[in-house]
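The values are calculated or read from the model by the stated rules, or taken from the named source; none is laboratory data. These numbers come from a predicted model, not from an experiment. In this analysis, Cβ positions are derived from the backbone assuming ideal geometry, glycine residues included, and neighbour counts consider all displayed protein chains.
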Amino acid sequence: MGKTFGCVRLIYNHYLDRKKQLWEECKQSMSYNACAKDLTSLKKEKEFLKEVDSIALQQSLRHLDTAYTNFFKRKESGYPRFKSKRHGKQSYTTVNVNNNIRLENGRIRLPKLGEVKIRQHRKIPEGWILKSVTVKRVPSGKYYVSILFEYENQIGEREIDRVLGLDFSMPDLYVTSEGEHCGYPKYFRQAEQKLAREQRRLSKMQKGSANYLKQKVKVAKIHEKIANQRKDFLHKRSLEIAEEYDAVCIEDLDMQGMSKALHFGKSVHDDGWGMFTRMLEYKLADRGGKLVKIDRWYPSSQMCSGCGHIVPEVKDLGVRVWFCDWCLEYHDRDGNAAANILGEGRRLLRMEQKKTA
């Protein structure tokens, strides 16, 4: 399997270099078809390429072509970069052709590799068609196989009745319009001291030595555990909300900009708000629900949810509780913002229903 990773990486880097040189010399691009045609002659020069899955090599060219297309369509995607063999994450994708990939008795059959024993975490329903497989090796040394299936699923329209507003909260992840605090456990902060200790040990070791590689795996396992804990928590919370509510309203926040501007990078990234909202969006969609995104400049924190009066002083993040000057109502900052997000979300839903009516 390691040989396949290396060959896929070689093909990607080889044709990225070809594309780069061709553009610098004569301002011409090299299409996927031209690369695929040239790959045949490259295999004659490098015989070892014939020992790995040919479809995986072709998929590497497709990924390169997609990266180039994304770069020229939207510059923020960034220019494609060369893949390093020293990078902890390695992966390749192959496509099911003539049933060359099969799941049988707790094993998966992969092209050129044969049967590989797996821990299958989910039973595959009948009628699902296996389309492709992505094999990934993570820094801790574990291997994962992601399988893509095709199936028919007709999602019925769901009447929007129960609606919830969520406001991002750095200490809790979110606060609901019903006053519930999520209470996110802060997994990174819990493991921060242990992680720092293992990283210090790693920094004192000779790079490339046997002990260095062992310690590198230890550090990777801590990171992996934190990521798994976070994903597990976010999956469970997003599923609970998607099952209970028909629509959820949130602010369309720029989390990357927030982490830089407020110097709270660790806390913002530890919360995983972006990951949570993506999970919530597809889980709601699978059940016929909706995720409503409010404009990020909407004054949800500054506006009184009782009377609508705006208090500019509340813009200061240090203000956690406040009284409204007009109606004298006492507000918790995040709970008030969630209630305002709910109100604006309901308004947007009503406008959408009028357009479709």
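Per the conditions (1) under 30 Å from LEU213 (Cβ atoms); (2) touching a residue at least 40 places away in the same chain (Cβ under 8 Å), the sole criterion not satisfied by ARG107 is (2). Among the residues of segment 31-63, those that are under 17 Å from LEU16 (Cβ atoms) and among the small types (Gly, Ala, Ser) comprise SER31, ALA34, ALA36, ALA56, SER60.
When GLU198, GLU192 are checked against the criterion of being of a type in the set (D, E, K, R), touching a Lys or Arg at 6+ places or on another chain (Cβ under 6 Å) and not in a loop (DSSP other than H, G, I, E, B), GLU198 stands alone in meeting it. Of all the criteria given as (1) at pLDDT 95 or above; (2) under 22 Å from the mean Cα position of the chain (by Cα); (3) among the hydrophobic types (A, V, I, L, M, F, W, C), the one not satisfied by ILE294 is (1). Within the set LYS216, LYS207, the sole residue that is outside any helix (DSSP H, G or I), outside the structural domain of SER300 (by TED's automatic domain parsing) and either surrounded by 13 or more Cβ atoms within 10 Å (Cβ to Cβ) or over 28 Å from the mean Cα position of the chain (by Cα) (or both) turns out to be LYS207. For segment 234-259, the tally of residues that are within 15 Å of the chain's Cα centre (by Cα) and at pLDDT 95 or above stands at 3. Quick check: anything in segment 159-178 part of a loop (DSSP other than H, G, I, E, B) and under 30 Å from LYS123 (Cα atoms)? No. Among the numbered conditions (1) modelled with pLDDT of 95 or more; (2) in contact with a Pro (Cβ under 8 Å, 6 or more places away or on another chain), the only one that LYS216 does not meet is (1). In segment 44-65, which residue that is among the charged types (D, E, K, R) and surrounded by 18 or more Cβ atoms within 10 Å (Cβ to Cβ) is nearest to LYS112 (Cα to Cα)? Selected residue: ASP53. None of TYR68, TYR92 is under 22 Å from GLY141 (Cα atoms), hydroxyl-bearing (Ser, Thr, Tyr), surrounded by 15 or more Cβ atoms within 10 Å (Cβ to Cβ) and touching a residue at least 12 places away in the same chain (Cβ under 8 Å) except TYR92. Given the criteria at pLDDT below 95, of a type in the set (D, E, K, R) and not assigned by TED's automatic domain parsing to the domain that holds ARG109, does GLU178 qualify? Yes, satisfied. Here segment 133-184 is the region considered, the condition is being closer than 30 Å to ARG9 by Cα and either out of contact with any strand residue (DSSP E or B) (no Cβ under 7 Å at 6 or more places or on another chain) or touching a residue at least 60 places away in the same chain (Cβ under 8 Å) (or both), and the residue that is surrounded by the most Cβ atoms within 10 Å (Cβ to Cβ) is VAL135. Against the numbered list (1) under 33 Å from the mean Cα position of the chain (by Cα); (2) assigned to a strand (DSSP E or B), GLY288 comes up short only at (2). Pairs meeting the criteria (first residue in segment 208-219 and under 18 Å from LYS85 (Cβ atoms), second residue assigned to a helix (DSSP H, G or I), beta carbons under 9 Å, at least 6 apart or on different chains) are TYR212/LEU202; LYS216/LEU202.
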